[in-house]
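As structure tokens, the structure follows; a few thoughts come after it.
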Amino acid sequence: MPHASLKILPGVDTNKTPALNEAAISQSQLIRFISDRTIGGLVQKLGGWTKYPTPSSSSIGSVVRNLWGWEDTNSNSYLAIGAEGKGPIVVTGASGTGSTATLTYTGPFQFPVGFWITVTGVNPAGYNGTYAVTASTNTSVSFANATTATYVSGGAIAGGGNSLLVANSGNINNITPQKLVGDVTPSFTTTSGSNKVQVNITASNAQNVDTIDIQTQISVGGLVLFGQYQCYQDAANDFFIYAIDVLGNPAYATSSVTAGGAVPSYATTSASSSVTVTLANHNYSVGDTFPALVATTVGGITIYGNYTVLSVPSSSTFTINNANLATSTTSGSENGGNLHYVFYRGIGSSYGAGGYGVGTYGTGLYGTGTGAINSSVTGQQINAADWSLDNWGQILIASPQNGPIYQWDPSSGDLIADVIPQAPSVNTGMFVAMPQRQIIAYGSTQTGIIDPLLVR
């Protein structure tokens, strides 16, 4: 028989018998009608909710700002919890055995073993510093320390509070991203004709990192390095990155350099707003945007933010214009000549292990890639004022306000969420657009400086 459209009449008619009440509703329970100009009234069942089995709030340790529920490809349900993750936790006591120190506090809150904490304000001062957690309960935390002095007063533990967690079937996992931030003398090793660059940074316990964000432009071996790069490690725990240009294409060194590199330097002229920037092989053209992510004061003016390139006298120099006039004729290097970096910690990859299809397409030798999961993950947990949460298939996508975009795959065995190195380094927020399944970031950046109107 031919097909015909059927329009259900709105409302519930209890006067007619069900046989006479064609294309209408005779009985109802927990429904409502939504206005529709073509149908007249669209019936909709009343939605409800089921309490998700999560542990107590003490497992979170801070204010929750966002929740996101999703399923993996095996129909397992997950609930992402985006919290502030703020401390500090007030110390109430301290003791030491000569090899291990233990701090006590009013719980309940338990620090994960292997995570890093910063202790300040304890008297005696021998307990203060940054340490990896070796043992913990919900009212104490232990770490390697030679102090045996008796606790007197004061103290706080920074790093208290998990900011990103995932609940599943009553269990809760802390997948809070971690990072290491520092300033060191630039030291990179390049090989002529290669885009593989060794990063010679000896950061405290900088192991098992998967992304580095270089926030001071570095000129070395004919390359200018800047922004987020995926890291690889060899058996000696040496870090390597693959240099790329502004379009994401491989960038090759023109000379071999051992442990070198220089950040931009600024030259000012008294009573002038013009600043000459020296950065070898900068590749800037007139009208390009030059970002200064580390505030640097030279000649009485502070250089920070995005600047338009006004002229390009040579391949090693260009000029920008500051909003203020310099008070002296002088020069100085950005960030005092030091590299400012952020290491984002992940599973911990080892260059030279793995197999076909692992790592960025076209990088490395055929058959090489990242290594196996390493459980020794340490770093400083991030705090967040707010979170954007969504899922890309079964993968959780998470972005803390004014931070990068992280990913966590429930089937990967990851211990924490990993930063997406190809994504913008700072964002106000993000979401996954459907059905295209694209990650859309807003209040984003092209340079590392947030543009409130930029969508990427």
Legend entry - Inter-label distance, nm, simple model (7 Å from Cα along the C-beta direction), residue 456/residue 45: 4.3 nm
Inset, instruction - Please tell me the relative contact order of the chain in percent, rounded to the nearest whole number, where contacts are Cα pairs under 8 Å and at least six residues apart. - result: 13 percent
Inset, instruction - For residue 16 and residue 255, calculate 0.36 nm times their separation in residues minus their Cα-Cα distance, and state this gained length in nm to one decimal. - result: 77.1 nm
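If R0 is 22 Å, what FRET efficiency do you get for residue 92 and residue 146 from their C-beta distance, rounded to 0.05?
Working: r = 22 Å, r/R0 = 0.99.
That pair, residue 92 with residue 146, gives E of 0.50.
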Inset, instruction - Grab the beta carbon distance between residue 29 and residue 440, set R0 = 41 Å, and tell me the FRET efficiency rounded to 0.05. - result: 0.55
Inset, instruction - Would you work out if region 115-200 is rounded, prolate or oblate? Take a ≥ b ≥ c from the square roots of the eigenvalues of the alpha-carbon gyration tensor; rounded if a/c is under 1.5, else prolate when a/b is larger than b/c, oblate otherwise. - result: oblate
Legend entry - Protein accessible area in the chain, 1.4 Å probe - carbon and sulfur %: 52 percent
Inset, instruction - Collect residues whose amide H, placed 1.01 Å from N in the peptide plane, falls under 5 Å from the amide H of residue 228; neighbours closer than 5 in sequence don't count. - result: 214
Inset, instruction - Take the alpha carbon atoms of the chain, find their radius of gyration, then divide it by 2.2 N^0.38 Å using N residues; give the quotient. - result: 1.24
Legend entry - Residue-normalised accessible area of the chain, expressed per residue, 1.4 Å probe, Å²: 49 Å²
Inset, instruction - Starting at the first residue of region 269-286, write each ³J(HN,Hα) from the Karplus equation 6.51 cos²θ - 1.76 cosθ + 1.60 with θ = phi - 60°, in whole Hz, x for Gly and Pro. - result: 10, 3, 6, 10, 8, 6, 10, 9, 9, 10, 8, 4, 6, 5, 6, 7, 10, 4
Inset, instruction - Would you mind listing how long region 227-299 runs along its three principal axes, going by Cα atoms, in whole Å with the largest first? - result: 54, 25, 23
Legend entry - Mean Cβ neighbour count within 10 Å, used as a protection proxy, ranking 407-417, 235-245, 320-330, 218-228 highest first: 218-228, 407-417, 235-245, 320-330
Inset, instruction - Express the relative contact order of region 215-349 as a whole percentage, based on alpha carbon pairs under 8 Å and six or more residues apart in sequence. - result: 28 percent
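The values are calculated or read from the model by the stated rules, or taken from the named source; none is laboratory data. All figures in this text were calculated on a predicted structure; none of them were measured in a lab. Note: ideal-geometry Cβ built from the backbone for every residue, glycine included; neighbour counts use all protein chains shown. The area values use the complete protein model at the heavy-atom level, side chains included, leaving out ligands, DNA and RNA. Shrake-Rupley method; radii C 1.70, N 1.55, O 1.52, S 1.80 Å.
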